[in-house]
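Let me begin by presenting the structure, written as structure tokens, before commenting on it.
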Amino acid sequence: MHSLEITLSTERLADLIGAIYDCALDPGRWPDVSGELIAVTASAAGGVLVHDINSSQVLRLADHGFDPTFWPAQAQYGHESPLIAAAMLAGPGKVITMADATSDEDLFSSRYYRECGAPFGFRDGMGLLVFRSHRRVAFSGAVRKDTQPRYGVADVRLMQLLAPHICRSFAISEALDLKTVRSDLLEGMLDQLTVGVYLIDRQGRVAYLNAAAERQIATGDAIRITDQRLHPTDKAAAERLALMTVHAEGEHALLGIDGGTIALPSAAGAGYIASVLPVGNGARRHVLAPFAAVSAVFVQDPTTGPALPGEELARLYGLTAAELRVLMALSTGLAIKPAAEMLGIAEQTAKTHLGRIFTKTGTSRQAELLQLVARSIPPVNGTPDGHR
């Protein structure tokens, strides 16, 4: 079967991106947004799963179109899903289809398909790893039934356009932990972050900056405030930031721009990464109303950010690519056997890689290894253990 031709007006796409960013400040909106994602991709079912690594619990943040009996099967065999495995290995933001993950022959002969696909009429899937940290892993996926066309190039293109915004919304929500925060508590909480937060008003002036932002400005290497306006020292970065912040209220400025992320180079080398969140509508306007802001700029030093540092650990300890893949699978909270199944390797092979990882990192137990991974991720706030 041929792929469905999905067409989406610029207005509807902008509204959907705006709704995705509303979820950054109000995660309770994800079920509605997920339903819209299912609709625009002509999917039969889908949702968002969040795996809490510390508790080993999986939260269905959004769930559309699935029979209730699907979830017990998914809980038992979900770690064998080739789609989730491929998305985990691809990394956050990369849209993966079932065709990317495995062949039809391997899929239809797999236990995962026999238990979680065929009984419910599902044949094809599309998804992405949305977020991954030492605390949580989030995955967004959608499926089509065997009576529907397979996902094709047009479907992937549409989802890939939305993927950076979905990932950024999760990352902002995770960094700010805004599930229960109220506007009157926001300013004090923002000052605890290691991420620089700059709130920009309609005239492009800085309405508020937190303590981390003040420290970034004090160095003056990559970003400054001139005439009450945020000014990257790099000319190209300054032009892009001005465009995205001043026009963010209309949301359309996000369309066609590289995922709303801007590099802020420093004259001395390196610099920061900035993400722009439009806050002029919906939940964002409500939460940030006291600041009269239409956009928020989150400025992160990539050398100290809270991203999972797998690649850096690999360089530090001399891990091979195969050993790194095992480490990444274990870091999601999986035991060695399901990690091996997810990676498509023999359990003994995974154990061999794990033994070499232990030797190279000077650890002797999986719990000790995961503590090493967790300790290498700076806390979002300044508390010693990262608790809020």
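The values are calculated or read from the model by the stated rules, or taken from the named source; none is laboratory data. Predicted model only: the values in this text are computed from it and were never measured. Backbone-built Cβ (ideal geometry, glycine too); neighbour counts: all protein chains shown. These area figures cover heavy atoms from the full protein model, side chains too; ligands, DNA and RNA do not enter into them. Shrake-Rupley method; radii C 1.70, N 1.55, O 1.52, S 1.80 Å.
Each Lys and Arg contributes +1 and each Asp and Glu -1, all at the Cβ; summed about the Cα centre of the stretch 11-158, the dipole is approximately 260 debye.
Less than 5 angstrom separates the built amide H of PHE131 from those of ALA138, all sequence-distant by 5 or more or on a different chain. Note on VAL58: accessible area approximately 90 square angstrom, rounded to 10, probe 1.4 Å, nucleic acids and ligands left out.
Ranking of ASP67, ASP124, ASP301 by solvent-accessible surface, largest first: ASP67, ASP301, ASP124 (1.4 Å probe, protein heavy atoms only, all chains present). Of all lysines in the structure, the ones whose alpha carbon falls short of 27 Å from that of LYS94, not counting any fewer than 8 places away in one chain, are LYS145, LYS179, LYS337. Accessible area per residue for the stretch 42-156 is 42 Å², calculated with a 1.4 Å probe on protein heavy atoms, without ligands, DNA or RNA.
Shown here are the Rg and Dmax of the Cα trace of the stretch 33-178, at 14.4, 44 Å. Along the charge dipole of the stretch 18-103, which of ALA87, VAL33, GLY46 sits closest to the positive end, that is, farthest toward it, with unit charges on the beta carbon of Lys, Arg, Asp and Glu (+1, +1, -1, -1)? It is ALA87. Accessible area per residue was computed with a 1.4 Å probe on protein heavy atoms; LYS351 scores about 90 Å².
Scanning residues 5 or more positions from ASN210 or on other chains, those with amide H under 5 Å from its amide H are VAL197, with H placed 1.01 Å from N in the peptide plane. Amide H contacts of ASP124: ARG144, each under 5 Å away and 5 or more positions distant or on a separate chain (H built 1.01 Å from N in the peptide plane; Pro and chain starts excluded).
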